[in-house]
Amino acid sequence: MAPSSTLLLAVTAADNAPGPYSHPEATSHPKTWQEDDEELYPLHLTLEDHERGSIVPVGWIRPRVVDFILNQWPADALGERRILEVATECVYFADWVLDDGTEGMDTQIARFAGFLKENGYFSECLEGWRNELYAIYADPNSSYFASSQAKTTSTAGRQN
């Protein structure tokens, strides 16, 4: 009899990022996450979300990616303005990206990830990516959603 396979096993096998979400403290907002001697940076929509301490991060960013954002930003290809800002303990979206709402976040993250893949950066993570968009799911208590200017219509993850 062949071993049984489940969707959860397939998703777990495909996930190339460290998995703090399987740990209880992931929902209690750790300031940082350390796995395999690598301290990861939480990704938030806004710096305020990180500072509040009660907002679950959107995701986690590896130190090598943070270093790339800070020291190797490809201004000639992606423009002078970085789409993500880096604070001492977290990464968050630049205000100009948030001004364009979730559609802006979708567009800029896709553009950034596409650039990284096309130019061979982080290939161990991106080589299997097929350029599909992923919606960014954030805590509904994010300070971004409290803004009267928040735009929350996104096409990421939808089939056309």
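The values are calculated or read from the model by the stated rules, or taken from the named source; none is laboratory data. What you see is a predicted model, and the numbers here were worked out from it, not measured in a lab. Here the Cβ is made from the backbone with ideal geometry for all residues, glycine too, and neighbour counts use every protein chain on show.
Cβ-Cβ distance below 7 Å, separation of 6 or more or different chains: which pairs start in region 113-134 with a residue that is surrounded by 12 or more Cβ atoms within 10 Å (Cβ to Cβ) and end on one that is of a type in the set (S, T, N, Q)? Close Cβ pairs satisfying both conditions: GLY114/ASN131; CYS125/ASN16.
Within region 63-90, the only residue that satisfies the criterion of being surrounded by fewer than 17 Cβ atoms within 10 Å (Cβ to Cβ), assigned to a loop (DSSP other than H, G, I, E, B) and of a type in the set (Lys, Arg) is ARG81. For region 119-137, state whether one or more residues are in contact with a Phe, Trp or Tyr (Cβ under 7 Å, 6 or more places away or on another chain) and either aliphatic (A, V, I, L, M) or at pLDDT below 90 (or both). So far as region 119-137 goes, no, none of its residues is in contact with a Phe, Trp or Tyr (Cβ under 7 Å, 6 or more places away or on another chain) and either aliphatic (A, V, I, L, M) or at pLDDT below 90 (or both).
Tell me, which residue of region 91-125 that is charged (D, E, K, R) and assigned to a helix (DSSP H, G or I) is nearest to ASP49 (Cα to Cα)? Selected residue: ASP95. Looking at region 20-43, is at least one residue surrounded by 12 or more Cβ atoms within 10 Å (Cβ to Cβ), closer than 17 Å to ALA113 by Cα and modelled with pLDDT of 90 or more? For region 20-43, residues surrounded by 12 or more Cβ atoms within 10 Å (Cβ to Cβ), closer than 17 Å to ALA113 by Cα and modelled with pLDDT of 90 or more: present. For TRP96, state whether it is buried (at least 17 other Cβ atoms within 10 Å of the Cβ), at pLDDT 90 or above, of a type in the set (Phe, Trp, Tyr) and more than 13 Å from the chain's Cα centre (by Cα). When the stated conditions are applied, TRP96 does not pass them.
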